[in-house]
Amino acid sequence: MGMIRAIALVAAVGLAGGAAAQPVTTFRMDNGLDVVVIEDHRAPVVVHMVWYRVGAADEAPGKSGIAHFLEHLMFKGTETRPPGAFSAIVEANGGNDNAFTSWDYTGYFQRVAADRLELMMELEADRMANLRLPEAEVLTERDVVLEERGQVVESRPGSVLGEQLRAAQFLNHPYGIPIIGWRHEIAALTRADALAFYEAHYAPNNAILVVAGDVTAGQVRALAERHYGPIGARVVPARLRPQEPPQPAERRVILRDARVAQPYIARQYLVPPRRPGEQAEAAALTVLASLLGGTGATSVLGRALEFDSRVAIYTDASYRGVAVDSAVFTIGLVPAEGVGMAEAEAALDAALARFLAEGVDPGQFARVQARVRASEIYARDDVQATAREWGEALSAGLGVEDVQGWPATLQAVTPEEVMAAARRLVDPGSRVTGWLMAPEAAEAAE
């Protein structure tokens, strides 16, 4: 196949319950670009995504926010297209596009009619190789990012708390640095910084192309060879990140903000992510999150804190296991009117202790496992969600077999594995607890 070295793996990803399987084909081009094709012929629509294996955790010290800043600048034109032309062309062809940055990856996507796929590849390949950054455009966009930080983070006390919790959670790893960056470092980013980051990381051998929808693997191969094939591979720096030392001390964050109308308690634990070939513990943590913080009337914390003791009006638990290095398990609650922060936190600790002592109710476990599996199935019914699942997992270092085997791994989780994960979870050393409240509530609590 010319520029493509055929190492294809084709699999039918079954959804269960008689739902149609999705043929998935993967291959790697000679320039190192990994390609995933997910066929879904129910509608003449295609999602085209390019994922780069670089994110905020790969930034140099003092350059926080450069990965996200470059994501913005990727829309500022190439040798042949002026700033803003990319999205205008997508919109003129009836599609929509966007981009996103995480700690571990940066992604760009378009959703268009299937017969516009080649145009999307042409556009994305162009900016992979030919980005041009006029100085004036860079400075203007830096102001946009600073304004975004003000709107998305600094104007929202809950977002400020989340940022501070992560900073306290990670003692050494750059996961503790916000994706958008610290304000003073964003303000100092330059055109040279952006171009250096682009030239170091934006190469086909550091990227994954995911195409999902009304296409065939043969069509995508031919188009990828035509548009991405001519882009040469480059030497990409290895991901050498500082890792976390042992964490022997519990940490606490208290944020007092006059804008807070409803106090909130958040608890974070440092936990393992999904690892290639070793996803069982991550699956147990996924089920545990649903057990503890699913729907209020049926979850462990919802029953204990919202209905039995009535010390909270909202509870939640979440776990996102797709990460290169470490993951975070989060528990949150909103105290009921008249309930103090210390009282609410003590009730949370008591509910967790009771859960550890009594174990999982078999009926509840069966219902939660069915719900977790159903959510996986429904997500795969959306081609964009499926494309995102594949791109995110492969960008974080998981393999094809890990993605395909994840639903079965979830289904195989046992109550014993969930309780073992829960016992490891409550290690105080990896725990950070945050209180968010108005100043007068803080004074009362103290």
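Of all residues in the stretch 57-70, those that are open to solvent by 20 Å² or more (accessible area, probe 1.4 Å) and either within 18 Å of L133 (Cα to Cα) or assigned to a loop (DSSP other than H, G, I, E, B) (or both) total 5.
Taking (1) at negative phi; (2) surrounded by 20 or more Cβ atoms within 10 Å (Cβ to Cβ); (3) not hydroxyl-bearing (S, T, Y) in turn, A187 satisfies each apart from (2).
Tell me, please, whether a residue that is polar (S, T, N, Q), open to solvent by 20 Å² or more (accessible area, probe 1.4 Å) and more than 22 Å from the chain's Cα centre (by Cα) can be found in the stretch 157-174. The answer is no, given that none of the residues of the stretch 157-174 is polar (S, T, N, Q), open to solvent by 20 Å² or more (accessible area, probe 1.4 Å) and more than 22 Å from the chain's Cα centre (by Cα). On the stretch given as the stretch 286-324, residues that are in a strand (DSSP E or B), open to solvent by less than 20 Å² (accessible area, probe 1.4 Å) and within 18 Å of L425 (Cα to Cα) total 2. E91 - would you say it is touching a strand residue (DSSP E or B) at 6+ places or on another chain (Cβ under 9 Å), open to solvent by less than 30 Å² (accessible area, probe 1.4 Å) and either part of a helix (DSSP H, G or I) or among the polar types (S, T, N, Q) (or both)? Answer is no for this residue. Is at least one residue of the stretch 274-285 part of a loop (DSSP other than H, G, I, E, B), open to solvent by 50 Å² or more (accessible area, probe 1.4 Å) and closer than 29 Å to H68 by Cβ? So far as the stretch 274-285 goes, yes, one or more of its residues are part of a loop (DSSP other than H, G, I, E, B), open to solvent by 50 Å² or more (accessible area, probe 1.4 Å) and closer than 29 Å to H68 by Cβ. The criterion of at least 3 residues that are surrounded by fewer than 16 Cβ atoms within 10 Å (Cβ to Cβ) is met by the following helices (runs of 4 or more DSSP H) wholly inside the stretch 358-429: 362-380, 400-411, 415-425.
When R252, R267 are screened for being open to solvent by less than 30 Å² (accessible area, probe 1.4 Å), at pLDDT 95 or above, at negative phi and not in a loop (DSSP other than H, G, I, E, B), only R267 passes. Residue-level analysis places G18 outside the set of residues that are of a type in the set (G, A, S), at pLDDT below 95, over 12 Å from V220 (Cα atoms) and within 25 Å of the chain's Cα centre (by Cα).
The values are calculated or read from the model by the stated rules, or taken from the named source; none is laboratory data. Bear in mind that the values here come from a model prediction, so they are computed numbers and not experimental data. When we count neighbours, we look across all protein chains shown, and the Cβ atoms used for this are built from the backbone with ideal geometry, even at glycine. These accessible areas exclude ligands, DNA and RNA; they are computed on the full protein's heavy atoms, side chains included. Shrake-Rupley method; radii C 1.70, N 1.55, O 1.52, S 1.80 Å.
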